[in-house]
1. What do you reckon, is E35 within 26 Å of F121 (Cβ to Cβ) and either charged (D, E, K, R) or assigned to a strand (DSSP E or B) (or both)?
2. K18 is checked against (1) without any contact (Cβ under 8 Å) to a residue 12 or more places away in the chain; (2) touching a Lys or Arg at 6+ places or on another chain (Cβ under 6 Å) and fails just one. What number does that condition carry?
3. Within segment 41-69, how many residues are open to solvent by 60 Å² or more (accessible area, probe 1.4 Å), more than 17 Å from F134 (Cα to Cα) and either assigned to a strand (DSSP E or B) or in contact (Cβ under 8 Å) with a residue 60 or more places away in the chain (or both)?
4. What are the residue pairs meeting all of these: first residue in segment 96-111, first residue part of a helix (DSSP H, G or I), second residue open to solvent by 90 Å² or more (accessible area, probe 1.4 Å) and at pLDDT below 85, Cβ atoms under 8 Å, and 6 or more apart or on different chains?
5. Please indicate, with yes or no, whether at least one residue in segment 75-92 is part of a loop (DSSP other than H, G, I, E, B), among the aromatic types (F, W, Y) and in contact with a strand residue (DSSP E or B) (Cβ under 8 Å, 6 or more places away or on another chain).
Amino acid sequence: QLNKYSDRIILLNNAIGKDNKKVNISDNLARSSVEEYTHQSNGVVFQKSLDTIFDELTLWGQKIYVKMDVEGAELEILRGAKRVLAEQNTIFAISCYHYSKDLVNFSNLLKPLLENRKIYFRHLTTGAYETVLFII
């Protein structure tokens, strides 16, 4: 189904995180995770930061939409996206409900980086889940 969007979607064979490094992807089917590289296995990939991906794909200045729901790794990914966060053409929708301190941690990380951007939090359900951070 992605073929009809091939001019707008880029699939990467990388993990995304704070740093550029080799990582192991766990093979636990119940909950996968990215771990520090310790050994060669079938689950080894290279992790890149969003800043590096934007450099490699020359995405700077283009209108980019980033939707992020990566089961609690959002904050770590944003730590590797300082230049992308400052890019006025990048719009974010980021899940921020995986940990009880997410709202505080997101605010502390983003406030000094986003002086010229608008930040919105929107809660989408009546329960404790589905709070989304929008950066416009």
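The values are calculated or read from the model by the stated rules, or taken from the named source; none is laboratory data. Bear in mind the structure is a predicted one, so any value in this text is a computation, not a measurement. As a convention, Cβ positions derive from the backbone with ideal geometry for all residues, glycine included, and neighbour counts pool all protein chains shown. In case anyone asks, the SASA skips ligands and DNA or RNA and just uses the protein heavy atoms, side chains included. Shrake-Rupley method; radii C 1.70, N 1.55, O 1.52, S 1.80 Å.
1. no
2. Condition (1) is where K18 drops out.
3. Count: 1.
4. Listed pairs, sorted by first residue: L103/F121; N105/Y99.
5. First, pick out the residues of segment 75-92 that are part of a loop (DSSP other than H, G, I, E, B): 80-81, 87-89.
Within this subset, residues satisfying the condition of being among the aromatic types (F, W, Y) are none.
The answer is no, given that none of the residues of segment 75-92 is part of a loop (DSSP other than H, G, I, E, B), among the aromatic types (F, W, Y) and in contact with a strand residue (DSSP E or B) (Cβ under 8 Å, 6 or more places away or on another chain).
For every residue, the table says whether it meets (1) of a type in the set (K, R); (2) open to solvent by less than 40 Å² (accessible area, probe 1.4 Å); (3) at pLDDT below 90.
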residue	(1), (2), (3)
E71	no, no, yes
I77	no, yes, no
A86	no, no, yes
D102	no, yes, yes
F106	no, yes, yes
L109	no, yes, yes
I119	no, no, yes
L124	no, no, yes
A128	no, no, yes
